[in-house]
Each structure stands twice: as structure tokens, then as C-alpha cells.
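Laboratory data are not the source of any read-out in this text; all were calculated from the coordinates shown. As the structure is a prediction and not an experimental result, all values here were calculated from the model. Here the Cβ is made from the backbone with ideal geometry for all residues, glycine too, and neighbour counts use every protein chain on show.
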Amino acid sequence: MTDAADPISGRGPEAPPKRGLGILATLRRVRRFVVFKSFSSLTKRIVLLNLAGLCALVSGILYLSEFRAGLIDARVQSLLVQGEIIAGAIAASAQVETNAITIDPERLLELQAGESYGPSEEGFAPLEFPINPERVAPVLRRLVGPTRTRARIYDRDGIMLLDSRSLYSKGEILRFDLPPPTQPPPGLLERAWRGAQSWLGRGDLPLYKELGPQSGKEYPEVASAALGQKASAVRVDDRGRVVVSVAVPIQRFRAILGVLLLSTQGGEIDEAVEAERFVIVRVFLVAAAVMVLLSILLAGTIADPVRKLADAAERVRRRIKTRVEIPDFTSRADEIGHLSGALRDMTSSLYNRIEAIESFAADVAHELKNPLTSLRSAVETLPLAKSDASRGRLLEVIQHDVKRLDRLISDISDASRLDAELQRQEAASVDLKQLLEMVVGMAQDVRKDDGVSVALAFERLPGAPADFTIAGHASRLGQVVDNLVSNARSFSPEGGTVKVLCRRTKTGAEIIVDDEGPGIRPDALSRIFERFYTDRPHQGFGQNSGLGLSISKQIVEAHAGHIWAENRTQAGASGEEPKVLGARFIVRLPNG
């Protein structure tokens, strides 16, 4: 039972989807992928540059190819050999039989007494023309016919006796291939193409001209052969086709009977050259297709990752998300992998810097808020004070908070411009020995009530350089040492000694600052370099901003170094804990 057509629409049942439609859709998707994904600007440049190099190579091969010159030389040699063979055959068959004497009996009966009889003048007439065209023509036809070579025979005066184009056997009709009378004349483009082809194909070759039968010696090679010398010439016709001519003397017993001129047909050599060039062009097309495919694949491994990295960098600039992740191509051992790693490190450093700035701003606001709150309370309470003692205490609080604000603002300003200053300035050679002597000397000259002295020593490990020079910023490294010395003096007891040791190593230098204070609490070792952190029970509140060690760490890390703190201990008796002798700060700096 068959499905009937719909009586309303008149259409039959819907046909199932054809398989060809799915193939077409797949091809469309592939085409869109190739167009929009692969053929980016970088891909086009790679493909075009590779093709340009290949085209330049093929053009140079086609223009500078030695095949044409080698083919012409080979053709000249073959025509010379062929000409010598044909000339020898013509000389052997063209000589008149001089031993044959014809006697006329009637002439003998007419002789009178005393008269003699010899060969008539007609018998010697053929000797004036040693080459008999009728005898030479069959030989020339048999020898030249299969070679597709034009042969012309000239006598010693340059008059043409035979031309292979005019030879025809008995009973045959001489036919010339003439263009049909209705053939239209060549157009402008065709004439231009022929002119360009003639100009390019001619080069420095002379133009071949067809001379008359009486002007054979106007060909230089014929004139040379008439003197007994083989000669050849290479010319081009009016259509740019190469014509090779070879002239060979026809001689017997050193007597020159005439000249044989062999010429190639126009286009014979050019057809071979064009066939060879066509092979080169076919190889070029195959190589171009392979190069385009390989260029697209190569560009896909370059352009697509670069496009993804650029899109991720654009998203980082716009900061659509809280933290944009740069694609990871570091597994590739090439420039793309290096670029991906550099961008990831740069982005991570940027986010860390942004987070540090946000955290620093929050810390600054918090630290400034405390003295401002205290100052505000003191100012508001001052008019309500009833006694001079109360007003004096409030004024002391106000002065303390103002000094604290001034100190905080100075340290915050120094910390905020530190990164920018280190990035702008170029690193220079720093003599740590001279720098430390100057900083320690200034610390010794500034006398304080604590009575703490500062001692400086230098040490060089085996294999280390003799000098103490590294790359860095002298002023900032001096600030680090000054902060560490000031911090050590503030924790040292009265009359104590702060020891500064500079140790030269193979890879850099170490600066060690020891004090004789109570040491650092274990829970504070991990927080001592945090901003605004201070732990000074022996001092009053607000005497330090808590930014000195943080700034020192920032400077050392900007020099690719490392700073840390630890306690100096002495082993106690059995079962006792080690005794803390003081704190130690170690700064390790590379050579640069």
C-alpha cells in the first residue's frame, strides 16, 4: 500500500533527509573554521611569504635555467655530425665520372686526314658544376627526411642548388601548409603576447632572416664553410623561436664542391624547453599546495595560541572577572611557551601588586584612623577640662598623636614611592665594604642615651671574589642596613654591642646584624616583616610606625635577595631549653 498525496496541498509525503546535506553542512563548517580561524593576518603573512619565496625560486629557475643553452649546444653538435655524414654522402654521389669518354661514330667518319678526335665540349660541361642536383636530391631526401631538419646546398659562389623544402619524389605533389583564407588577423593581446615572448626568448640572439637563393654567402656560417671551415649560428625568428644553423663544406680530395647548410625547424628547441618548463611548473604547483598546507598548519600552531593570549590580555585589561587566567602553553618548548609563561607571571605579579596596594591602603587607613581618633577625642575633651593638669595631659596626648601622624605619613610616603623609584633607577655597582663603613660610622657618631656601640667586621669565604662589589642601589641598601642597626639598638640593653658582619660568598654577599636583646618571640617570627606590625613592650605605644622592617624586606626583594630573622641561642644544660642570646637578621644579596 502506497502513501497517497495530500489532497489539500497536492504534495506527497515528506522525503527523508538526504545524506548529502549532512556532508555539505560539514564542509561548510570546515570552511568557516578555515576562514575565520586559520586565515588570520599572521597566517596570511606566513603563507604569502612562503609562496613568495617559492615563486622567486621557480622564477629564477625558469629565467636562469641552463637547460636551453645545453639543448642548443647539443643540437649544434648533433647537426655538425649529421652535416658531415650528409656532406660525405653528397660528395661521393655528386662527382661526375671523368673516366667515361663518349665516342661518336659519325664524327669519326667525318674526320679528314691529319684531324684528331676527343671528348666534345658537352662532355666537359658537367665538370663546371660538380654537384648534380638530380643525383644529389634522392640522397638528400633519404638522409634528411626522418630528421625534420631543413637542408640547403649552395655552390662555391653561394648560389642555392637544392632546398629540402622543395624536394618531392616522382608522382608526388608539392604542398605547402597555408593558413585558411578566413583566418582572422591576430588581435592586440595576441600581438602583444607574441612580442613579449619574442623579446624574452630572443635575449642577445640575432634575428633570423630568410635570404634569397642568390645570397647564400650573406649567412656567415655559409661563407665560413665555403672557405673550408665548419661553422654554426644560433638565431631567433620573428616569433622568438630558436633556429640553429650549421654549415659544413662538401669536399672531396680537399676540393670544395659546395656547402651544406642544415637548419632546425622553428619551435623545435622551444617545444623541448617549454616541456621542461611545464614539468617545473607542475612541480611548483605541487610544492605550492604542500607549502600552503604546511604554512596553514604552522600558522595554526602560532596564530591560534597568540590569539588566545591576546584575548586573555584584553580581558585582563577590562577585568571582566575578578582574576583572569592566562592560557598555559608553557609545556611548549618554544617562544609561544615562553611568551605564555611571561604573560602568566606578569599577570600574577600585576594582580599581586593590585592586592598589595589594596591591602596597603586598608592598613594605612587603619593606622591613620587610630591616632586621628585619639587626637579627635583629646581635642573634643580639651574645652571640658577643668584643671590645668588635665589640660596638660590632653596637650601631651595631642602632641604625641601629631608626632605619630607625622611619622606614619613620612614612612607611608617612603614605602609608597619605593617600588616606582626602584623601577626607574638603573642598578649600579655598589661597594658594600665602603657602604657599610659609612653607615656604621654614622651610627657610631650619633650618640644616644642607650650607650649601645656598633661593631663592623668583614669575612671572605674560600673561592669568593676579592672585592665586595655587587649590583644594586646604594642609597636603598644603606637604608636597609640603617633600619636593621636602628632596630637592633632599640632592643639591645644599655652598654650592649650591635655586631654587623659582611660575608663575601661565591654567588653574592650576606649582611648579618646581631643584637643582645631578648630575642624574637616564636609567634612573631612569621609576622615581623608585616606592615605596621610592632612588638615593643619595653617602649611606649605609638613610638614606632612598624614600617621599617617591611620597607627593608621590600628593598631586598627588589634586589632579588632574601631577608629573614632568627634567634641566637646557646645550648643549656641537660633537660633545659636553649638560652636566647639575642636576635639575628640576615640579608642575602646576589651578585646582580
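The ellipsoid that matches the Cα gyration tensor of the stretch 258-319 has semi-axes, each √(5λ) in whole angstrom, of 59, 10, 6, with the longest given first. Express in % the proportion of alpha carbon pairs of the stretch 265-370 at distances exceeding 18 Å. Here the tail beyond 18 Å accounts for 69 percent of pairs. For the stretch 213-292, a/c is not less than 1.5, where a ≥ b ≥ c are the root eigenvalues of the C-alpha gyration tensor, and a/b tops b/c. That puts it in the prolate class. Whole-Hz Karplus values for the stretch 84-93 come out as 5, 5, 5, 5, x, 5, 5, 5, 6, 9 Hz, taken residue by residue from phi with 6.51 cos²θ - 1.76 cosθ + 1.60 and θ = phi - 60°; glycine and proline positions read x.
Using only the Cα atoms of the stretch 337-410, build the gyration tensor, take square roots of its eigenvalues as a ≥ b ≥ c, and label the shape rounded, prolate or oblate: rounded if a/c is under 1.5, else prolate if a/b is larger than b/c, else oblate.
Because a/c hits 1.5 or more and a/b exceeds b/c, the stretch 337-410 counts as prolate.
Once backbone amide H atoms are built at 1.01 Å from N, residue 471 has 430, 592 as its partners under 5 Å, excluding neighbours fewer than 5 places away on the same chain.
For the stretch 472-512, which trypsin sites (Lys or Arg not before Pro) are both in a DSSP coil and crowded by at most 10 other Cβ atoms within 10 Å?
Answer in residue order: 506.
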